[in-house]
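Right, one structure below, let's go through it.
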């Protein structure tokens, strides 16, 4: 069985910004297969940002399901994610999907897992994937500095890329501006 590893997804919520960053590296075993993968994207008319760690095809299938739930429950990210998590946990096909998703909008930051979890971090910072804990720790250390959410994410992703062999420095970063 081939083991696919590697991803760092980080989301930082600070001030009037919520950003999500993802590295571009995809590995198979101990080889880099792709260095510029797009693991962060917009859904729901650019109102929601999502990023994934895990199997790419599985994540895309879940993104499609989440988009459908967002269409069903417009501007209700948490409800859409809970409904997706219920399906993911109970549906015979979805249950086999191996991915983890970070999803954010102007109000909410969530982590979704195939175990039925919909988790909202208390500090608005999410780190998932093989380098997620490195990026998460760095972002938490930088959050009280005079830096924007984007600056924190970029510095944290650099640290994760320096430490995690499954993470590179080819970072895609997208943001949502929060109206005051």
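Nothing in this text is a laboratory measurement; each read-out follows from the coordinates by a stated rule. The shown structure was predicted, so the numbers you read here are calculated from the model rather than taken from an experiment. Reconstructed Cβ throughout: ideal geometry from the backbone, glycine too, with neighbour counts over all protein chains shown.
Table: residues versus (1) touching a strand residue (DSSP E or B) at 6+ places or on another chain (Cβ under 8 Å); (2) part of a strand (DSSP E or B); (3) within 20 Å of residue 96 (Cβ to Cβ).
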{"site": "10", "(1), (2), (3)": "yes, yes, no"}
{"site": "18", "(1), (2), (3)": "yes, yes, no"}
{"site": "59", "(1), (2), (3)": "yes, no, yes"}
{"site": "63", "(1), (2), (3)": "yes, no, yes"}
{"site": "66", "(1), (2), (3)": "yes, no, yes"}
{"site": "74", "(1), (2), (3)": "no, no, no"}
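Please state which of the following conditions residue 148 fails to meet, knowing it meets all the rest: (1) touching a strand residue (DSSP E or B) at 6+ places or on another chain (Cβ under 8 Å); (2) within 10 Å of residue 10 (Cα to Cα); (3) in contact (Cβ under 8 Å) with a residue 60 or more places away in the chain.
That leaves (2) as the condition not met.
Could you tell me whether residue 116 is in contact (Cβ under 8 Å) with a residue 24 or more places away in the chain and within 21 Å of residue 158 (Cβ to Cβ)? Give the steps one after another, and end with the answer.
Numbers: in contact (Cβ under 8 Å) with a residue 24 or more places away in the chain: yes; within 21 Å of residue 158 (Cβ to Cβ): no.
So residue 116 does not fit the description; no.
Working only within the stretch 49-68, note down all residues that are more than 17 Å from the chain's Cα centre (by Cα) and under 16 Å from residue 113 (Cβ atoms).
Step one: of the stretch 49-68, the residues more than 17 Å from the chain's Cα centre (by Cα) are 68.
Within the stretch 49-68, none qualify.
Would you pick out the residues in the stretch 120-142 that are in a loop (DSSP other than H, G, I, E, B) and farther than 21 Å from residue 54 by Cβ?
Hits for the stretch 120-142 are 122, 123, 124.
Could you list all residues from the stretch 164-179 that are surrounded by 15 or more Cβ atoms within 10 Å (Cβ to Cβ), touching a helix residue (DSSP H, G or I) at 6+ places or on another chain (Cβ under 8 Å) and assigned to a loop (DSSP other than H, G, I, E, B)? Reasoning before the result, please.
Going residue by residue through the stretch 164-179, those that are surrounded by 15 or more Cβ atoms within 10 Å (Cβ to Cβ) are 164, 166-168, 170-176, 178.
When the remaining residues are screened for being touching a helix residue (DSSP H, G or I) at 6+ places or on another chain (Cβ under 8 Å), the result is 164, 167-168, 171, 173, 175.
Selection gives 164, 167, 168, 171.
Could you run through the stretch 88-106 and say how many residues are under 20 Å from residue 120 (Cα atoms), part of a helix (DSSP H, G or I) and either in contact (Cβ under 8 Å) with a residue 60 or more places away in the chain or in contact with a helix residue (DSSP H, G or I) (Cβ under 6 Å, 6 or more places away or on another chain) (or both)?
Number of matching residues: 1.
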